[in-house]
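None of the figures in this text is laboratory data; all of them are computed from the coordinates on show. The structure presented is a predicted model; accordingly, all values stated were derived computationally and were not measured. Cβ placement follows ideal geometry from the backbone for every residue including glycine, while neighbour counts extend to all protein chains displayed.
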Amino acid sequence: MPKPFVAAVAVWLALVGFAPFLPAQDPARRPPNLLLIVADDMGYGDLSCQGSLQIATPNLDRLAADGVRCTAAYVSGPVCAPSRAGLLTGRHGCRFGFEHNLSHPEHVVDAFAGIPLDEPLLPERLHELGYRTGLVGKWHLGASVPEHHPLARGFETFFGMLGGHHGYWPTLEQNQLLRGHEPPTAIRVPYLTDWFTREAIDFVTAEDARPWFLYLAYNTPHTPLQARPDDLAACAHIQNEARRKYCAMQRCLDRAIGELMAALAGAGQRENTLVVFLSDNGGSVEASHAINAPLRGSKGTFLEGGVRVPMLWCWPGQLAPRVYDQPVSALDVMATFVTAAGGKPPTAGVRQARAGRPARRGPIYDSVDLLPFLAGRMATAPHEALFWRMGLRGSAVRVGDWKLVRPNSQLPQLYDLANDLGERDDRIAAEPAIAADLLRRLNAWEASLERNPIFVSDPVWSDYNRRLYEMDYALTQPLPDEPRDLWRMPPARR
Ligand SMILES: [Ca+2]
């Protein structure tokens, strides 16, 4: 059959609405499916490919072995909501006032308790590029006005919860789950991690010719610590009860991801799907007994254990397996996905024109397309500097191997990550010029932010945060049957 005729028929079929029945496009030209899997509060050291001796994660290890494992991947916030706000916009949440964990005190204007509505989200960008877009799991990016709902922000389908946490054994009487805007009418799968996986499998195997983007935002292994009995039994050797539950939840998550990957392969989509896996912030050492070893710190701090997370990129045939050590950011997911989808993301670091604002006062993006770096076509570092701030907790900056941490509860600290990954040797007195340069950069970055925080979290977190910095951390992996309590927290001062 002559090619022009085939093309004409294809155009005609598309015009009259038969696009779903078109034969599969050439895989080399069809944009990839994009699967973004986010774990919640997972410790840097809680995968076996990251050194865990207590938790076997064969399925995540396989993604790592078949793809790129980033050892210096950062999130833009040390807690859930600001990290996710950066992830889905490609902009540091501080730039648009979203720098604390989402709360909605009485005096806050409803529309301020979420991502400002003039910030386009990744699913909106991908939807415009012809993608089918879905969210399964945790939203936590605003629910106080209808315009904050995931279905109003670029997702065609949503199953999950609008808030920041959820019990793992939902009942019809007790759950905060929604399918779209409606509560579920049946408990489809008893354990929530498995239910989300079931929904994700349905999404990725649905009959639809369009490429898809799925944001699979598990709340696992965030508290409450509630595990399946079979996973608990498999972790019976772990002596601390909280740690045992956490490890069991982690075991379940790994198995779930294996099931999802098998479904993807069964649908013939594995080769044409770019999978990214990361945690939204560091492990919560106090609440969950997560392990961030060899990093010091916890969720909530700007120490490495708070903001450096496991991150895996897997795209068979496009990304050769390797370990990548340059600093990268979850902020980069936006530009990487939009570019892979055939779009053009805003250039990082350059003010953009936006309706109602002159370009000189327009938004700055922080998102860099990582594929040339991860594929080895570019050898330079994707970022010159990385910044963090939560007004009530402090701020930090990393340039090269140097990192300045400015917790509100303590004096500034300077660490040489090349020689001191555990951040135990404060070099601020020995290296005043480096400290001054980093402080200058941090101040300049703060001066570039467009807004003050549009809401703040409860001040009670400030004292909690002090204790997180004063806590003793285990910087080595616990043995499988470790008997010591590695998770002691200093007392509150009140
Ligand atoms: Ca989290």
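Distant-in-sequence amide contacts of Trp212, defined by a placed amide H-H separation under 5 Å and a gap of 5 or more residues or a different chain, comprise Asn33, Leu34, Arg132. Projected label points at Ala355 and Asn408, each 7 Å from Cα along the beta carbon direction, are separated by 3.6 nanometres. Among Phe277, Val309, Phe387, which residue has its Cα furthest toward the positive end of the charge dipole of region 270-406, with +1 on Lys/Arg Cβ and -1 on Asp/Glu Cβ? Of the candidates, Phe387 comes out farthest on the positive side. Charge tally around Arg377: other residues with Cβ under 13 Å, Lys/Arg +1 each, Asp/Glu -1 each, net 0. Working note: Karplus 6.51/-1.76/1.60 with θ = phi - 60° gives region 45-55 the couplings x, 9, 10, 5, 6, 9, x, 4, 9, 9, 10 Hz, where Gly and Pro are set to x. What shape does region 205-335 take by its C-alpha gyration tensor, where a ≥ b ≥ c are the square roots of the eigenvalues and a/c under 1.5 counts as rounded, a/b above b/c as prolate, and the rest as oblate? It comes out oblate by the Cα gyration axes.
Let me know the charge dipole size of the chain about its Cα centre in debye, to the nearest 20, where only the beta-carbon of Lys, Arg (+1) and Asp, Glu (-1) is charged.
Working: 50 positive and 53 negative charges, 183 e Å.
Charge dipole of the chain: 880 debye, to the nearest 20.
For region 80-170, GluC sites (Glu not before Pro) meeting the loop criterion (DSSP other than H, G, I, E, B) and having at most 15 other Cβ atoms within 10 Å: Glu106. Computed from the C-beta positions of Glu128 and Val460, the FRET efficiency with R₀ = 51 Å rounds to 0.80. Candidates Ile428, Leu414, Val397 compared by Cα position along the dipole of region 338-494: farthest toward the positive end lies Val397, with charges placed on Cβ. Direction-averaged projected area, Cα convex hull, the chain: 25.2 nm², rounded to one decimal. Since only His149, Ile55, Ala256 are under comparison, the one whose Cα sits farthest along the positive direction of the charge dipole of the chain, derived from C-beta charges on Lys, Arg, Asp and Glu, is His149.
For the listed peptides 256-269, 133-146, a ranking on the average number of other beta carbons within 10 Å per residue, highest first, reads 133-146, 256-269.
Extension gain, Arg322-Trp169: 0.36 nm per intervening residue step, less the Cα-Cα distance, totals 51.3 nm.
Output the antiparallel fraction of DSSP beta bridges having both residues in region 29-384, as a percent to the nearest 5. Around 35 percent of the beta bridges assigned by DSSP in region 29-384 are antiparallel ones.
Tell me the net charge near Cys80. Cut-off is 9 Å between Cβ atoms, Cys80 excluded, with +1 for each Lys or Arg and -1 for each Asp or Glu.
Residues close to Cys80 contribute a combined charge of 0.
Please give me the summed charge of the neighbours of Pro480: other residues whose Cβ is under 12 Å from its Cβ, Lys and Arg +1, Asp and Glu -1. With Lys, Arg at +1 and Asp, Glu at -1, the neighbours total 0.
The stretch between Ala152 and Asp481 holds 113.6 nm of extra length on full extension. This uses 0.36 nm per residue minus the Cα-Cα distance.
Computed from phi, the 3J(HN,Hα) profile of region 382-395 under the Karplus parametrisation 6.51, -1.76, 1.60 (θ = phi - 60°) reads x, 10, 6, 8, 10, 10, 9, 7, 9, x, 7, 10, x, 7 Hz, with x in place of Gly and Pro.
At full extension, Glu470 and Ala433 could sit 10.7 nm farther apart than now, given 0.36 nm per residue minus the alpha carbon distance. Hydrodynamic analysis of region 310-464 uses the Kirkwood radius over alpha carbon pairs. Inserted into Stokes-Einstein at 20 °C and 1.002 mPa s, it gives a translational diffusion coefficient of 119 µm²/s.
At a threshold of 8 angstrom on Cα-Cα distance, excluding pairs fewer than six apart, so keeping six or more, what relative contact order does the chain reach in percent? Write down the numbers at each step before the final one.
Numbers: 1073 pairs, mean separation 113.1, N = 494.
That works out to 23 percent.
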